[in-house]
1. In 5 Å bins starting at 0, how do the alpha-carbon pair distances of the stretch 56-100 split up by percent?
2. At a 1.4 Å probe radius, which order do Glu88, Glu6 fall into by accessible area, largest first?
3. Give me P(r) over the chain, computed from all C-alpha to C-alpha distances, binned every 5 Å, as integer percentages.
4. Keeping every protein chain present and rolling a 1.4 Å probe, give me the accessible area per residue for the chain in Å².
5. How much of the accessible area of the chain, probe 1.4 Å, is carbon plus sulfur, in whole percent?
6. Just report the Cα centroid separation between the stretch 22-52 and the stretch 76-99, whole Å.
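The values are calculated or read from the model by the stated rules, or taken from the named source; none is laboratory data. Just so it is clear, the structure is predicted and the values come from calculations on it, not from any experiment. We work out accessible area using only protein heavy atoms, side chains counted, and drop any ligands, DNA or RNA first. Shrake-Rupley method; radii C 1.70, N 1.55, O 1.52, S 1.80 Å.
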Amino acid sequence: QVQLVESGGGLVQPGGSLRLSCAASGSIFSLYVMAWYRQAPGKQRELIGTITNSRRTNYADSVKGRFTISRDNAKNTVYLQMNSLEPEDTAVYYCNAYRPGTQGYWGQGTQVTVSS
């Protein structure tokens, strides 16, 4: 089992940057693929991207070139660096830890609001 604690959300102006963190505990962090999702009001949860233990990443088209996922296995933490933020990026952001064949574990979510 894995427990995930997210932090770093808040209010940011359009064009600004924000870095989210997701700290994991309770299992062997390096065995898990980590993913970031977001859910805007009235919309389904959207996959932002993933990062494997070998640091291979995949991103949704909507965030390519603006968002970067990284992980620090020594700190049991995954990060989401968000640049050039737009109002359309406003959502609750979630991290997820999973291994193949499992549904994974979810963090509690952190609110990101992009507004003037």
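1. 5, 15, 29, 26, 15, 8, 2
2. From most exposed to least exposed: Glu88, Glu6.
3. Percent of pairs per bin, in order: 2, 12, 24, 26, 19, 10, 5, 1, 0.
4. Per-residue value: 55 Å².
5. 46
6. The stretch 22-52 and the stretch 76-99 have Cα centres separated by 8 Å.
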